[in-house]
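Some notes on the structure that comes next.
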Amino acid sequence: MNNGTLMLAADALIRARAGRWLIHTTTSRYPAFVLDNPNLVTLLGHFVRPLSLLTVLAQVPPAHRAEVQQVLEHLQTIGVLVPADSPAAADPAIDWSAQRANVHLRHLARSVYDLGGDVACLATFAETELRERTGAGLERRLLAMIAAVDGLKSELAGLRDAFVGPQLAALGLHPHSRDLNLHLGAGPTRIDGFVNIDIQGAPLNLNLAWGLPFSDGSVQRIYVSHMLEHLFYPHDVGTFLREMRRVLAPGGRLRLAVPDIAACIEAYRTGDRRFFESRHETWDWWPKDLTPLESFLAYAGAGAEPGHLLESHKFGYDFETLAKALRAAGFDTVLESRFMQSEDPLLQVDSASAVASARHGEHYYALFVEAVRNP
């Protein structure tokens with residue numbers, strides 16, 4: 001939980017439907033959060049101006065404080081409440097087109113997928129007909145699309161240094177900083193003593209596909225909770241893990257928390273429906289009408305909607321598979337761990353992650369694995 005100064009995101013929406021309040025943003029990957037208590041909605045309205053979360057909680061009667069804290073923590077997770085100095089709190093008139101870009105990308109991703117079916121079916125017929133009707137056949141049109149995307153990617157790549165450099169400077173960092181601890185995929189979570197990094201909403205925002213802006217061997221520890229499953233396996237995962245090894249110093253340690261797919265398989269095999277149903281205790285947005293198979297496969301990354309882009313799971317892991325990927329990336333020492341039981345005391349930080357902390361009874365939904373870069 002961020003105990004600093006918070007405010008409503010610039011694109012936060014509060015709507016009423018069927019006697020209930022729906023709270024969300026225009027850009028979040030999460031469904032709307034539903035509230036029945038109008039007092040909580042009134043309380044949320046105070047965050048139109050920067051406000052300390054601890055100050056708000058101090059005004060809540062002790063009997064209701066835990067409930068209110070849980071709601072406010074979840075609203076941070078889904079991006080409704082954001083740090084007052086973050087870009088998400090900026091004037092929406094300034095960055096409206098940037099927010100709309102995510103909507104356009106979702107449509108583009110789905111359209112390319114649908115186009116694949118049309119091209120596979122029409123193929124030669126489309127090439128001939130389009131040439132005759134317009135002078136530009138199917139291949140020329142596809143090449144024009146590729147050129148447009150490649151051109152935009154090239155222009156965006158040219159903006160990276162100007163985007164990342166000032167952020168590093170604000171954190172007192174530079175590309176040759178040493179003895180770093182990194183928290184990747186941080187979201188709203190802040191771990192003291194770590195550089196908290198994510199694609200947006202973190203003190204250091206960057207696309208990890210760019211690589212890390214730090215020198216070889218400059219990092220002592222890396223913590224990654226529930227991010228790896230959002231990358232395509234094996235190519236993107238391999239690239240990411242090799243980058244982790246590059247920046248780690250000899251003896252440096254990488255700690256990963258990912259969905260424990262072996263546990264999901266066992267729960268499905270034994271008919272443990274409670275295993276799947278109790279996800280709602282952590283993820284109240286998780287659909288309640290899923291069969292165990294639907295829940296399991298979605299968690300493992302099967303059948304992801306193309307338009308879901310970065311937020312969908314792409315792959316799932318058991319220890320054997322994740323260890324294989326780590327060794328292929330150059331890690332010799334790979335160890336299975338448990339919640340809050342890292343061999344490095346400074347990596348005993350799982351409790352900071354709501355997702356890593358999620359459990360069913362005494363069993364955690366996450367698989368914890370550590371890899372050490374040997375000299």
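Scanning the stretch 208-232 for residues that are farther than 21 Å from Ser337 by Cβ and outside any helix (DSSP H, G or I) yields Gly211, Leu212, Pro213, Phe214, Ser215, Asp216, Gly217, Ser218, Phe232. Residues of the stretch 127-177 that are β-branched (Val, Ile, Thr) and under 16 Å from Leu206 (Cα atoms): Val164 alone.
Here's the yes/no breakdown for (1) under 17 Å from Leu231 (Cβ atoms); (2) among the basic types (Lys, Arg); (3) not assigned by TED's automatic domain parsing to the domain that holds Ala209:
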| position | (1), (2), (3) |
| --- | --- |
| Arg274 | no, yes, no |
| Glu281 | no, no, no |
| Trp286 | no, no, no |
| Leu297 | no, no, no |
| Arg338 | no, yes, no |
| Pro345 | no, no, no |
| His363 | no, no, no |
| Leu367 | yes, no, no |
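Within the stretch 231-250, no residue that is at positive phi sits with its Cβ atom under 9 Å from a residue that is part of a helix (DSSP H, G or I) and of a type in the set (Val, Ile, Thr) at 6+ positions apart or across chains.
Whenever a residue of the stretch 53-78 is without any contact (Cβ under 8 Å) to a residue 24 or more places away in the chain, its partners that are surrounded by fewer than 20 Cβ atoms within 10 Å (Cβ to Cβ) and of a type in the set (D, E, K, R), lying with C-beta atoms within less than 8 angstrom and at least six residues away or across chains, give the pairs Leu57/Arg65.
Just one of the listed residues (Ser225, Ser154, Ser177, Ser218) is free of Cβ contacts under 8 Å to residues at least 24 places away in the same chain and among the hydroxyl-bearing types (Ser, Thr, Tyr), and it is Ser154.
Would you mind stating whether Gly316 is closer than 30 Å to Phe214 by Cβ and modelled with pLDDT of 90 or more? For Gly316, the condition - closer than 30 Å to Phe214 by Cβ and modelled with pLDDT of 90 or more - is met. Against the test of being closer than 16 Å to Leu322 by Cα and of a type in the set (Asp, Glu), the options Asp260, Asp198 yield a single qualifying residue, Asp260. Residue pairs whose Cβ atoms lie under 6 Å apart, sitting 6 or more positions apart in sequence or on different chains, and linking a residue in the stretch 281-293 that is touching a residue at least 60 places away in the same chain (Cβ under 8 Å) to a partner that is of a type in the set (D, E, K, R), do not occur here.
Residues in the stretch 30-42 that are buried (at least 17 other Cβ atoms within 10 Å of the Cβ) and among the aliphatic types (A, V, I, L, M) were compared, and the one that is nearest to Leu13 (Cα to Cα) is Ala32. Please verify whether the stretch 143-157 includes one or more residues that are assigned to a loop (DSSP other than H, G, I, E, B) and of a type outside the set (A, V, I, L, M). No, the stretch 143-157 contains no residue that is assigned to a loop (DSSP other than H, G, I, E, B) and of a type outside the set (A, V, I, L, M).
When Arg131 is tested against (1) farther than 28 Å from Leu254 by Cβ; (2) part of a loop (DSSP other than H, G, I, E, B); (3) out of contact with any helix residue (DSSP H, G or I) (no Cβ under 8 Å at 6 or more places or on another chain), just one condition goes unmet, and that condition is (2). In this structure, His24 does not satisfy being in contact (Cβ under 8 Å) with a residue 60 or more places away in the chain and under 24 Å from Lys288 (Cβ atoms). Evaluation of Ala136 against the conditions (1) free of Cβ contacts under 8 Å to residues at least 24 places away in the same chain; (2) part of a helix (DSSP H, G or I); (3) of a type outside the set (Val, Ile, Thr) shows that the sole unmet condition is (2). Output the number of residues of the stretch 259-291 satisfying the condition of being over 23 Å from Ala32 (Cα atoms) and over 18 Å from the mean Cα position of the chain (by Cα). The qualifying residues number 15.
Candidates are the residues of the stretch 170-198 that are surrounded by fewer than 16 Cβ atoms within 10 Å (Cβ to Cβ) and in contact with a helix residue (DSSP H, G or I) (Cβ under 8 Å, 6 or more places away or on another chain); the one that is nearest to Ala249 (Cα to Cα) is Pro175. Would you call Val82 surrounded by 12 or more Cβ atoms within 10 Å (Cβ to Cβ), modelled with pLDDT of 85 or more and not in a helix (DSSP H, G or I)? It is true that Val82 is surrounded by 12 or more Cβ atoms within 10 Å (Cβ to Cβ), modelled with pLDDT of 85 or more and not in a helix (DSSP H, G or I).
Quick grid of which residues meet (1) outside the structural domain of Arg246 (by TED's automatic domain parsing); (2) more than 12 Å from Pro213 (Cα to Cα); (3) modelled with pLDDT of 95 or more:
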| site | (1), (2), (3) |
| --- | --- |
| Met145 | yes, yes, no |
| Ser177 | no, no, yes |
| His183 | no, yes, yes |
| Pro188 | no, yes, no |
| Ile191 | no, yes, yes |
| Asn196 | no, yes, yes |
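The values are calculated or read from the model by the stated rules, or taken from the named source; none is laboratory data. Everything numeric in this text was worked out from a predicted model, so none of it was measured. Every residue, glycine among them, receives a Cβ derived from its backbone with ideal geometry; neighbour counts consider all protein chains shown.
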